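Visitor: Please see the structure below; I have some questions.
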Amino acid sequence: MPVDMRCMRAFIPFSVLVVLLLVACTKPNPNRCCRDEIDCEEKGIPIGSQCEEGLVCRGNQCIAQPCGSSAACDLAVPYCVDELCAATCTEDAHCPGFEQTDAPYCVDGACAECRDSADCPSPTAAVCDAGSCRACRAHDECASNLCDLDTGTCIAEASIAYAAPNGSAVSACTMAEPCTLTRAVTVLDSSRTTIKLNPGTYSEGIANVSPQLAVYGPATIQGVSLERTNAKLRDLAIIGGLYCSTANSVAPRSNLDAARVDVTLSIDSAVDAFFCNLKLDRVRIQQPATQGVALVVSDHATLQMDRSSIDSVGRCISLSSTSYGEARNSIFRNCRGVNGVIAGEPISFEVFFSTFYNTILRCDRPLLTVTIRDSIFLNEAAGAPADTVLGAGCRNEYSLIKPQSAMVYGVNNTLNADPRFVNAAMGDFHLSAGSPAIDTADPAATETVDFDGTTRPQGPGRDKGAFEYKP
């Protein structure tokens with residue numbers, strides 16, 4: 001007997017009907033829309049209701065938003081595409097979008113400042129990164145293969161003389177045909193003032209060059225001697241000493257700015273500044289000769305030293321003849337010569353947040369004006385004297401000094417306490433947990449970073465010494 005299908009519809013199971021209704025309720029509605037789940041629930045709109053392509057959601061309704069340019073669009077649909085506002089661009093002609101500037105390229109559906117580094121003409125923002133031009137962070141990010149890491153600037157190729165350990169003695173010192181270091185020095189002029197050294201060890205040094213000079217490594221060279229020169233040295237190992245001078249106090253003073261430089265010399269002075277303004281940033285000076293001096297600053301010279309270190313079995317620093325020096329976040333190690341870390345007169349020297357290990361501070365000479373603040377002295381050397389700081393010519397403030405049997409001139413100092421270095425014998429002067437140097441520097445101090453570049457303070461107060469304790 002035939003079955004009446006009309007009657008069968010009346011017997012659709014209730015559970016099946018519920019499923020069909022749920023499917024109908026969750027299917028996106030091409031006419032209504034909502035921003036998110038909360039908006040959907042508040043408006044009674046099925047979750048997931050979005051507008052079809054070419055329509056925008058306005059007041060929970062899907063509408064077409066016509067435009068003549070991106071100025072007629074908004075942040076939700078910033079691009080004018082085929083006379084309708086759209087959420088994505090498809091070609092450069094759609095850029096920039098609504099309220100966008102300096103974004104002429106369509107990249108992956110959004111307007112961007114650049115597609116590649118060729119679209120970044122400014123030397124101070126020459127690298128395209130995720131659609132934006134930024135400063136360089138490495139040499140290989142620049143077409144010239146030279147980034148001034150201090151400013152993030154790509155140095156122009158035309159202003160650079162390129163050298164290599166196996167370079168030519170007669171080439172034009174170009175990036176394609178680098179020359180010897182000696183040749184590179186000779187081709188410098190008023191428009192070509194920078195030397196870029198290919199990595200390696202050079203049998204040559206640099207002496208008496210033009211009034212303006214910048215030398216970039218990384219490389220090892222055999223010494224630097226500059227007179228009446230404004231110079232910048234970066235990422236170099238100098239194994240024959242570093243010297244800067246002015247012939248006399250009347251001539252223009254030399255200015256030498258060295259960063260990320262290692263200097264080693266076995267006799268006399270490793271670094272010598274005579275009528276010279278010397279700035280050392282992350283510079284390591286090593287002087288293994290007992291009769292030598294690691295750093296000499298004399299005859300009205302000035303010294304600015306930050307995040308640097310001196311290791312000398314002789315004397316660390318000799319300042320004399322009305323010179324001035326300042327050291328911050330620095331390390332003085334093994335300065336056990338006749339005069340220890342400082343000698344000479346008359347001078348002015350200030351030290352902030354530094355660490356002195358197996359080093360004596362001679363303050364028993366006349367005409368000294370020396371102030372040591374927020375620093376640590378620890379002398380564990382065999383035969384170390386009972387007093388690490390000698391004499392009353394230095395003022396110490398908020399410093400930790402061990403050993404010290406006599407009172408020191410100054411205020412708020414801690415005597416004979418163990419600073420609890422991680423491993424001083426191996427040169428690790430970071431602080432261990434529980435060090436009395438932690439959080440006990442001058443509360444009024446304003447130093448912002450330590451030797452490593454770690455932000456100061458890490459706790460309720462700044463820490464004494466070159467290193468801020470970081471839990």
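Visitor: What tally of residues in the range 120-137 results from selecting those that are assigned to a helix (DSSP H, G or I), among the small types (Gly, Ala, Ser) and surrounded by fewer than 18 Cβ atoms within 10 Å (Cβ to Cβ)?
Guide: Qualifying residue count for the region: 0.
Visitor: Out of (1) of a type in the set (A, V, I, L, M, F, W, C); (2) free of Cβ contacts under 8 Å to residues at least 12 places away in the same chain; (3) touching a Ser or Thr at 6+ places or on another chain (Cβ under 6 Å), what's the single condition that is false for ILE160?
Guide: (2)
Visitor: Would you check if SER266 is out of contact with any His (no Cβ under 7 Å at 6 or more places or on another chain) and surrounded by fewer than 17 Cβ atoms within 10 Å (Cβ to Cβ)?
Guide: yes
Visitor: In the set ALA289, ALA294, ALA273, ALA214, which member is surrounded by fewer than 22 Cβ atoms within 10 Å (Cβ to Cβ), hydrophobic (A, V, I, L, M, F, W, C) and either within 28 Å of THR359 (Cα to Cα) or at pLDDT below 95 (or both)?
Guide: Result of the check over ALA289, ALA294, ALA273, ALA214: ALA289.
Visitor: What residue, of THR229, THR194, THR180, is within 14 Å of ILE160 (Cα to Cα), in contact (Cβ under 8 Å) with a residue 24 or more places away in the chain, surrounded by 20 or more Cβ atoms within 10 Å (Cβ to Cβ) and touching a Leu at 6+ places or on another chain (Cβ under 9 Å)?
Guide: The match here is THR194.
Condition check ((1) touching a helix residue (DSSP H, G or I) at 6+ places or on another chain (Cβ under 9 Å); (2) touching a residue at least 12 places away in the same chain (Cβ under 8 Å); (3) assigned to a strand (DSSP E or B); (4) not hydrophobic (A, V, I, L, M, F, W, C)) across all residues:
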site	(1), (2), (3), (4)
CYS57	no, yes, yes, no
VAL77	no, yes, no, no
CYS85	yes, yes, yes, no
CYS106	yes, yes, yes, no
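Visitor: While we're on this one: Of the conditions (1) more than 18 Å from PRO104 (Cβ to Cβ); (2) crowded, with 17+ Cβ neighbours inside 10 Å, CYS89 satisfies every one except a single condition; which number is it?
Guide: Against the list (1) more than 18 Å from PRO104 (Cβ to Cβ); (2) crowded, with 17+ Cβ neighbours inside 10 Å, CYS89 comes up short only on (1).
Visitor: Would you mind telling me which numbered condition in (1) out of contact with any Asp or Glu (no Cβ under 7 Å at 6 or more places or on another chain); (2) assigned to a loop (DSSP other than H, G, I, E, B) MET175 fails?
Guide: Just one mismatch for MET175, condition (1).
Visitor: If VAL422 satisfies all but one of (1) part of a loop (DSSP other than H, G, I, E, B); (2) under 23 Å from THR388 (Cα atoms); (3) aliphatic (A, V, I, L, M), what's the number of the condition it fails?
Guide: (1)
Visitor: Considering only the range 427-450, state which residues are in a loop (DSSP other than H, G, I, E, B) and among the aromatic types (Phe, Trp, Tyr).
Guide: Answer for the range 427-450, where residues must be in a loop (DSSP other than H, G, I, E, B) and among the aromatic types (Phe, Trp, Tyr): there is none.
Visitor: Which of (1) assigned to a strand (DSSP E or B); (2) over 20 Å from THR246 (Cα atoms) does SER266 not meet, given it meets every other one?
Guide: (1)
Visitor: All but one of (1) among the charged types (D, E, K, R); (2) under 50 Å from the mean Cα position of the chain (by Cα); (3) surrounded by 14 or more Cβ atoms within 10 Å (Cβ to Cβ); (4) at pLDDT below 85 hold for ARG32, so report the exception by its number.
Guide: (2)
Visitor: How about the range 104-119: which of its residues are among the small types (Gly, Ala, Ser) and either under 30 Å from ILE160 (Cα atoms) or surrounded by 19 or more Cβ atoms within 10 Å (Cβ to Cβ) (or both)?
Guide: ALA112, SER117, ALA118
Visitor: Does ASP140 satisfy being outside the structural domain of TYR79 (by TED's automatic domain parsing), under 18 Å from the mean Cα position of the chain (by Cα) and not in a loop (DSSP other than H, G, I, E, B)?
Guide: It is true that ASP140 is outside the structural domain of TYR79 (by TED's automatic domain parsing), under 18 Å from the mean Cα position of the chain (by Cα) and not in a loop (DSSP other than H, G, I, E, B).
Visitor: A further question on this structure: Might you check whether a residue that is in contact (Cβ under 8 Å) with a residue 12 or more places away in the chain, more than 15 Å from PHE353 (Cβ to Cβ) and aromatic (Phe, Trp, Tyr) occurs anywhere in the range 400-416?
Guide: Yes, because at least one residue in the range 400-416 is in contact (Cβ under 8 Å) with a residue 12 or more places away in the chain, more than 15 Å from PHE353 (Cβ to Cβ) and aromatic (Phe, Trp, Tyr).
Visitor: Now a separate question. Need pairs with beta-carbon distance below 9 Å; first residue within 11 Å of THR359 (Cβ to Cβ) and within the range 381-393, second among the aromatic types (Phe, Trp, Tyr) and at pLDDT 85 or above; sequence gap 6+ or separate chains.
Guide: Correct list of pairs: ALA381/TYR357; THR388/PHE356; THR388/PHE377; VAL389/PHE377; VAL389/TYR409.
Visitor: Okay, next question. Identify all residues within the range 150-172 that are loosely packed, with under 14 Cβ neighbours inside 10 Å and outside any strand (DSSP E or B); write none if there are none.
Guide: ASP150, THR151, ALA158, ALA169, VAL170, ALA172
Visitor: All but one of (1) modelled with pLDDT of 95 or more; (2) surrounded by fewer than 21 Cβ atoms within 10 Å (Cβ to Cβ); (3) within 22 Å of PHE451 (Cβ to Cβ) hold for PHE421; state the number of the condition that does not hold.
Guide: (2)
Visitor: How do the pairs read when you match residues in the range 314-332 that are more than 14 Å from ILE372 (Cα to Cα) with residues anywhere that are assigned to a loop (DSSP other than H, G, I, E, B) and at pLDDT 85 or above, using Cβ under 7 Å and keeping only pairs 6 or more apart or on different chains?
Guide: Hits for this filter: CYS316/THR359; SER323/ALA301.
Visitor: When the range 361-403 is examined, which residues are found to be over 31 Å from the mean Cα position of the chain (by Cα), surrounded by fewer than 21 Cβ atoms within 10 Å (Cβ to Cβ) and not in a loop (DSSP other than H, G, I, E, B)?
Guide: Correct list: THR369, ASP387, LEU390, ARG395, LYS402.
Visitor: Check GLU91 against each of (1) under 19 Å from SER132 (Cβ atoms); (2) touching a residue at least 12 places away in the same chain (Cβ under 8 Å) and name the one condition it does not meet.
Guide: (1)
The values are calculated or read from the model by the stated rules, or taken from the named source; none is laboratory data. Everything numeric in this text was worked out from a predicted model, so none of it was measured. A quick note on method: Cβ atoms are made from the backbone with ideal geometry, for glycine too, and the neighbour counts reach across all protein chains shown.
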